[in-house]
1. Does residue 402 satisfy the criteria of being of a type in the set (A, V, I, L, M, F, W, C), assigned to a loop (DSSP other than H, G, I, E, B) and out of contact with any Cys (no Cβ under 7 Å at 6 or more places or on another chain)?
2. What do you reckon, is residue 523 of a type in the set (A, V, I, L, M, F, W, C), closer than 30 Å to residue 415 by Cα and either open to solvent by 40 Å² or more (accessible area, probe 1.4 Å) or touching a residue at least 40 places away in the same chain (Cβ under 8 Å) (or both)?
3. Can you name every residue in segment 528-538 that is farther than 17 Å from residue 507 by Cα and either aromatic (Phe, Trp, Tyr) or open to solvent by 10 Å² or more (accessible area, probe 1.4 Å) (or both)?
4. Looking at segment 269-281, can you tell me whether even one residue there is hydroxyl-bearing (Ser, Thr, Tyr), surrounded by 13 or more Cβ atoms within 10 Å (Cβ to Cβ) and either modelled with pLDDT under 90 or under 29 Å from residue 205 (Cβ atoms) (or both)?
5. Please work out if residue 458 is open to solvent by 70 Å² or more (accessible area, probe 1.4 Å), closer than 24 Å to residue 390 by Cα and of a type outside the set (A, V, I, L, M).
6. Which one of 182, 78 is at pLDDT 90 or above, out of contact with any His (no Cβ under 6 Å at 6 or more places or on another chain) and not acidic (Asp, Glu)?
7. Pairs only if they're at least six apart or on different chains, beta carbon under 7 angstrom, first in segment 402-416 and not assigned by the TED database to the domain that holds residue 353, second surrounded by 14 or more Cβ atoms within 10 Å (Cβ to Cβ) and modelled with pLDDT under 90; list them, first residue then second.
8. I'd like to check which strands (runs of 3 or more DSSP E) are fully inside segment 307-381 and have at least 1 residues that are farther than 20 Å from residue 413 by Cα and open to solvent by 10 Å² or more (accessible area, probe 1.4 Å).
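The values are calculated or read from the model by the stated rules, or taken from the named source; none is laboratory data. These figures come from a predicted structure and were not determined experimentally. Note: ideal-geometry Cβ built from the backbone for every residue, glycine included; neighbour counts use all protein chains shown. Quick note on the areas: whole protein, heavy atoms, side chains included, nothing else; ligands and nucleic acids left out. Shrake-Rupley method; radii C 1.70, N 1.55, O 1.52, S 1.80 Å.
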Amino acid sequence: LKMSWLWLYLPLHLLMATWLCHSIKAPTTSSQQSFKSNLFNFYHSLLLADGKETTIHLLKDIPKRYYFALEEGRALAPFSITVTPCDVPIEWSILVYKSPPGRAAPGDHDTQEVSKSHKASSMVSTIFNYKGNSVETYMGMSSHSALYLLEFLSMERDTHITVYLTTDTTSGHLYPELPGDPRIDVIGIGHTTVTLAWKHSPSVLQHSEGIQYCLLVNEKHNYKSLCAAETAIRSSGMKLPPTVALSLSPYLLEPQQVMILSNSELSIINKVSSGEVRQVCMGTKNAYTVPNLSPSTQYYFDVFIVNLLTNASAAYTGTFARTLEEPEPKVTELKDGKVIHVVLDGKKQKFYSLQYQARHKKIHFTFQLCRGQVQVHITRNGKTVASENLSGLRYFSLKGKLLDTYSVQLRSTEESNSSVKVLASPHFHKRLFPLLPESLKIKSFSKLRTCRSVTIAWLGTQEESKYCVYKKRIEENQIWRELQSADRCSGPESRHKSEKVLCKYFYDLNLQRAVTTETIKGLEAGTLYLFDVYLFGPSGIPVRYHSKVVKTRKKC
């Protein structure tokens, strides 16, 4: 049987008649052969490629047809067709046209025409039809040369699909294989995490290189293909390359980061915001704990096995889970005149809540930052009255009504732990913390440095207070750690007695002259020293100045 490519582009009602005519073997002229060749060159784009994944764009309500013919002369011709909708549900069908077994028997002309018509109708049949957005594969076997027509239709909106046709079913698979049980198991649920596990793909066990698992997380619904997920990501506004395959890179430092492999170009996408698609790949590990989720939120999880060499993927059966509700944060009651020391976990970034009920109209809050960086948020009866990042010692004087309820929320703004002391009192004149100078910096005088002594200075206040100086010998590699780990709320009780230099009282009503200096002697030449000054208020609660590192001269 020699088929003309002209059949592929005739209207359907003429296609069968053309097939019947060319089923009758007849000599072919050179002009006919040239005509066929020109038609093939012009219309080759409508042929469905064998052994290659084809992307097809569909317009709403406009069917699109692709054709292919099984190889002539083979006793059995196996083939498979896989169609992947990338967005909305579609309808697609496979129709087969087989040539009549022979020429019509001679006889009456009318009888012969009826016979031809009957044979024509019996040679066309629909062998497969599907409606939906799942990935579907049709596998067939034909013992005759045949022409196949694929029809695709999108009834919701413009979309695109991928189609993979192969007649070589013995040389491996384009798509990675799924296990016999492709379900994803939820094996653990927390307030902000969900742990998943799934059975290994045979492709991973056979060819671990170039094969890996990729996970997609979102709050909307499951995706039945990686193609559909990529379409959702693009529609969310993210700029992605035209053909995307997720991959894992050993150079990624953050587990939430994903590397995109597209046309040999690599780019990194961080996890996207809530409501969009979060992506992460974990190589060939078949278990993963998804971090940084929101409490009491339903998430949908999809796992894809991805072949990085072919950009092909297969989808496990998606699942969903709801994270646990976060327990109500413990609220600590603030009492008049009592200091509370709060330690904040920087990694969890959670608020620490304090509550105070006013017994006077005017209330004074005092915050002493001990370590790290802390953000404070104060509300009165649910309305915000103050919010800022703390620095050193901070006072808030608020005026309201009797029995007003104040809520204080504290949060560390850095990854390391932070700590702060909090005081609430209606009597500002009975403050427990000392009056502070304009600056808590310690100054050293380079020109006054010797091999055995250094001179330092610091600001005082208009209120007579006690100041104690401490020194500590340190090494070069200890400077950063000492300065970063310093607890500005800790007093001299945490220091060794040998580190104490002196204590003194001073004040000056003229703030311009409220400065004191001190020369510390008996030091070693060419040595680093850490100096601290502690200021004590009327209640004895200390405030620590910022530590100062000074090195004595090596030669004098």
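1. The answer is yes for residue 402.
2. Values: of a type in the set (A, V, I, L, M, F, W, C): yes; closer than 30 Å to residue 415 by Cα: no; either open to solvent by 40 Å² or more (accessible area, probe 1.4 Å) or touching a residue at least 40 places away in the same chain (Cβ under 8 Å) (or both): yes.
So residue 523 fails the test.
3. If the condition is that a residue be farther than 17 Å from residue 507 by Cα and either aromatic (Phe, Trp, Tyr) or open to solvent by 10 Å² or more (accessible area, probe 1.4 Å) (or both), then 528, 529, 531 are the ones that fit.
4. Checked segment 269-281: no residue is hydroxyl-bearing (Ser, Thr, Tyr), surrounded by 13 or more Cβ atoms within 10 Å (Cβ to Cβ) and either modelled with pLDDT under 90 or under 29 Å from residue 205 (Cβ atoms) (or both).
5. no
6. 182
7. none
8. On the way: elements: 312-315, 319-322, 331-333, 340-344, 352-357, 362-371, 374-380.
Filter on segment 307-381 gives 312-315, 319-322, 331-333, 352-357, 362-371, 374-380.
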